[in-house]
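K.L.:
Below: one structure in structure tokens.
The values are calculated or read from the model by the stated rules, or taken from the named source; none is laboratory data. Fair warning: this is a prediction, and the values are worked out from it, not measured in the lab. Note that we place each Cβ from the backbone using ideal geometry, even for glycine, and neighbour counts take in every protein chain shown.
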Amino acid sequence: MSRIDLLCNIAMKQYAKSLKFVMDMIQSDRPLSYSDKATILTTNFLFVLHCAQQNTLPESLLHLMNGFKLIQHWRFWEPPLDYNASLSSSSSSLQPAHSALPNMPVLSCYIQTEEGMANDMPAASSWAWQWEHAVFSVQKRPFISLSDAHLEIEMIWIGARSLVKRMPLKPNQAEVNFLEEKRMGLCVYTQNWAMRLGAFQASHHISESDNARISILKVRKILLDVLLSVDVNQFEICWDAFQPQFERAILLVEALLHKHEGDHTAKPEHVEPYSLLPILTNSLHYICRVCRCPSLRRRAIALLKEQQRTERIFGVLGGLVQITQSAEMMMHLEERAWVLGRNTQDDNLECICLAGKYICSNHRVFELNIDHSRRVFSIRTVGDIVQNRPAQTVALTDLFPT
């Protein structure tokens, strides 16, 4: 039996035991405690991971959505009655308080996984930001750690990213008005977040490891501001106006990674209960997706490759190698227009591509779907949509032969 088969057997046994434990807990007469709810959500998240490892994406998403529903139903971001007292006692002890939020690691797992599986989520008929009540609640509290700041900006990011993503290529005025109304609220939340982060920095000793985490948060904030400002009437060329912001984000990451390059002895003063590196990876990947400046794209991909040596993140594709390959795939597909010239299908469309410098709107990818099990990408460019052409299917192995 291979090691993978052995681990799968162990996982299945744990899966069965966990399921029995949760069912016994739910069927008991006593009301669920806060700890019980945390146990149920943690167990459910293990089901998410197990299904993802088995490449059963629908089941993984089902468990993930069920977890979201329980978090919303229980308002799990609100602390139990004795939580504030425990924070007060921890602040006077040698053990630092990790978060103003109860069960930070549990919430973080769900939020980071939602962002990592954003392209796999079923399309909703209407926009619904499921973390709005959570953000409204937590913004009443100061940050106790950078973990708080990270979790909150990720919740805001998910709302902004999904709002822009659901816009069609040519939105009507009602859709634009809806987007602007919702973005106004997201802007207020973002400004509040930034002020509270500034207050945290002013009132706490900031270590070198904290500065690294703050740099990662700054990168996310730059991209969040782009999402809250981008002109959706100008898809896909709308992103070109933000090349200075993309370069600023890349410079922050380059400074961060190169500063610690080769340093294997330094240890942070305090290790957060979870890594902030997934937010960095997702930010770089998003830059690769929307920034069409050839040099900036290649710098972002180079930074993704630099992280491959040390960090693997959760994802159905299995890690940073595939994340990086998907970014390269997007770049190669769009830059094919420089090599192939005008496709005969595009005779009725204007093409102003400039080899090595510029990708015209019609050759930019607007829709992207991934079949993880087959390692196949389904894409539609702006030109495909304008000409009402079906999606193009591209195998990852065509671009990266094994």
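K.L.:
Assuming Leu354 fulfils every condition listed in (1) modelled with pLDDT of 90 or more; (2) closer than 22 Å to Tyr286 by Cβ; (3) out of contact with any helix residue (DSSP H, G or I) (no Cβ under 7 Å at 6 or more places or on another chain) apart from one, which condition is it?
P.N.:
(2)
Rundown of residues vs (1) out of contact with any helix residue (DSSP H, G or I) (no Cβ under 6 Å at 6 or more places or on another chain); (2) under 17 Å from Arg380 (Cα atoms); (3) at pLDDT 85 or above, yes/no style:
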residue	(1), (2), (3)
Thr310	yes, no, no
Val316	no, no, no
Ala327	no, yes, yes
Met331	no, yes, yes
Glu335	yes, yes, yes
Arg342	yes, yes, no
Asp346	no, yes, no
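K.L.:
Inspect region 148-168 for any residue being part of a loop (DSSP other than H, G, I, E, B), in contact (Cβ under 8 Å) with a residue 24 or more places away in the chain and of a type outside the set (Lys, Arg) and give the result as yes or no. Full working, then the answer.
P.N.:
Kept after step one, since they are part of a loop (DSSP other than H, G, I, E, B), are these residues of region 148-168: 166-168.
Now drop any that are not in contact (Cβ under 8 Å) with a residue 24 or more places away in the chain, which leaves 166-167.
Narrowing the set further to residues that are of a type outside the set (Lys, Arg) leaves 167.
Yes, region 148-168 has at least one match.
Residue-by-condition table, conditions (1) modelled with pLDDT of 95 or more; (2) buried (at least 20 other Cβ atoms within 10 Å of the Cβ); (3) in contact with a Pro (Cβ under 7 Å, 6 or more places away or on another chain):
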| site | (1), (2), (3) |
| --- | --- |
| His133 | no, no, no |
| Lys140 | no, no, no |
| Phe143 | no, yes, no |
| Leu146 | no, yes, no |
| Leu151 | no, yes, no |
| Trp157 | yes, yes, no |
| Ala160 | yes, yes, no |
| Leu163 | no, no, no |
| Pro168 | no, no, no |
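Residue-by-condition table, conditions (1) at pLDDT below 95; (2) farther than 20 Å from Ile279 by Cβ; (3) not small (Gly, Ala, Ser):
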| site | (1), (2), (3) |
| --- | --- |
| Ser203 | yes, yes, no |
| Ser207 | yes, no, no |
| Asn211 | yes, no, yes |
| Val219 | no, no, yes |
| Ile222 | no, no, yes |
| Val226 | no, no, yes |
| Asp231 | no, yes, yes |
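K.L.:
Just to be sure I understand the filter: pairs with C-beta atoms under 9 Å, separated by 6 or more residues or on different chains, first member in region 376-393 and acidic (Asp, Glu), second member assigned to a helix (DSSP H, G or I). Which pairs pass?
P.N.:
Asp384/Gln345; Asp384/Asn362
K.L.:
Can you tell which of Ala38, Ala16 is out of contact with any strand residue (DSSP E or B) (no Cβ under 9 Å at 6 or more places or on another chain), at pLDDT 85 or above and of a type outside the set (D, E, K, R)?
P.N.:
Unique residue meeting the criteria: Ala38.
K.L.:
Specify the residue that is surrounded by the fewest Cβ atoms within 10 Å (Cβ to Cβ); the eligible residues are those in region 75-121 that are at pLDDT below 60 and assigned to a loop (DSSP other than H, G, I, E, B).
P.N.:
Filtering region 75-121 for residues that are at pLDDT below 60 and assigned to a loop (DSSP other than H, G, I, E, B), the one surrounded by the fewest Cβ atoms within 10 Å (Cβ to Cβ) comes out as Leu94.
K.L.:
Select from region 28-66 the residues that are of a type in the set (Gly, Ala, Ser) and in contact with a helix residue (DSSP H, G or I) (Cβ under 7 Å, 6 or more places away or on another chain) and list them in ascending order.
P.N.:
Ala38, Ala52, Ser60
K.L.:
For region 176-233: of the residues being in contact (Cβ under 8 Å) with a residue 40 or more places away in the chain and among the acidic types (Asp, Glu), which is surrounded by the most Cβ atoms within 10 Å (Cβ to Cβ)?
P.N.:
If we take residues in region 176-233 being in contact (Cβ under 8 Å) with a residue 40 or more places away in the chain and among the acidic types (Asp, Glu), then Asp210 is surrounded by the most Cβ atoms within 10 Å (Cβ to Cβ).
K.L.:
Further question on the same structure: Quick check on my filter: what residues within region 357-378 are at pLDDT 90 or above and either within 24 Å of the chain's Cα centre (by Cα) or of a type in the set (Ser, Thr, Tyr) (or both)?
P.N.:
Hits for region 357-378 are Tyr358, Ser361, Arg364, Val365, Phe366, Glu367.
K.L.:
State which residue pairs qualify: first residue without any contact (Cβ under 8 Å) to a residue 24 or more places away in the chain and inside region 16-37, second residue surrounded by fewer than 13 Cβ atoms within 10 Å (Cβ to Cβ) in any location, beta carbons under 8 Å apart, and separation of 6 or more residues or different chains.
P.N.:
Leu32/Ile26
K.L.:
Just checking, how many residues over region 233-284 are modelled with pLDDT of 85 or more and more than 18 Å from Ile214 (Cβ to Cβ)?
P.N.:
14
K.L.:
Right, something else. From the list Pro401, Pro390, exactly one residue is loosely packed, with under 12 Cβ neighbours inside 10 Å and modelled with pLDDT of 90 or more. Which is it?
P.N.:
Pro390
K.L.:
What pairs come out if I take residues in region 51-63 that are touching a residue at least 60 places away in the same chain (Cβ under 8 Å) and pair them with residues that are aromatic (Phe, Trp, Tyr) whose C-beta lies under 9 Å away, six or more apart or interchain?
P.N.:
Ala52/Phe314; Ser60/Phe47
K.L.:
Sticking with this structure for a sec: When you go through Asn192, Asn177 one by one, which is the residue that is out of contact with any strand residue (DSSP E or B) (no Cβ under 6 Å at 6 or more places or on another chain), more than 30 Å from Ile385 (Cα to Cα), part of a helix (DSSP H, G or I) and not aliphatic (A, V, I, L, M)?
P.N.:
Asn192 is the lone residue from the list that is out of contact with any strand residue (DSSP E or B) (no Cβ under 6 Å at 6 or more places or on another chain), more than 30 Å from Ile385 (Cα to Cα), part of a helix (DSSP H, G or I) and not aliphatic (A, V, I, L, M).
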